[in-house]
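What follows is a short report on a single structure.
The values are calculated or read from the model by the stated rules, or taken from the named source; none is laboratory data. Nothing here was measured: the structure is a model prediction, and the numbers come from that model. Every residue, glycine as well, gets a Cβ built from its backbone with ideal geometry; the counts of neighbours run over all protein chains shown.
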Amino acid sequence: MASQALLVSLASANMVFSSIAKERSKTMRVVFLVGKLLTLAFWLVVALSLLGLVQVPDPQRLNWLALAIVLIHLVEWGLVGKQLKTLGSPLKQFALVMLFGVFHVKAPDTRAALNQAL
């Protein structure tokens, strides 16, 4: 009798944790989507600034920041590029890492695809 009650409580706890995990996954997808959109906006401002189409208060600082981010993304590619190549076109994966960085590498969809590929 006690073992049946324990099994029922474990099953209901599993259902609760499963629903929490699904909600967390949805939340993470939204967070990563917002991160990607903000990163895309940053690169758009950098490109427009370099073309002289938009005025920024401190263009030299923006250029240094862009260079630092490019270097960080190159390091990210060096660390995870071999794994990401298994997902398809290496050039596409490289471009996505250079554009979005960690928002592509750690995105739930990318992680799920990597787990399936391995």
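Could you list, in sequence order, the residues of the stretch 89-116 that are in contact with a Leu (Cβ under 6 Å, 6 or more places away or on another chain) and either among the basic types (Lys, Arg) or at pLDDT below 75 (or both)?
Matches in the stretch 89-116: Ala113 only.
When the stretch 78-95 is examined, which residues are found to be part of a helix (DSSP H, G or I) and either touching a Pro at 6+ places or on another chain (Cβ under 7 Å) or without any contact (Cβ under 8 Å) to a residue 12 or more places away in the chain (or both)?
Once the filter is applied, which keeps residues that are part of a helix (DSSP H, G or I) and either touching a Pro at 6+ places or on another chain (Cβ under 7 Å) or without any contact (Cβ under 8 Å) to a residue 12 or more places away in the chain (or both), the stretch 78-95 yields Gly78, Leu79, Lys82, Lys85, Pro90, Leu91, Lys92, Ala95.
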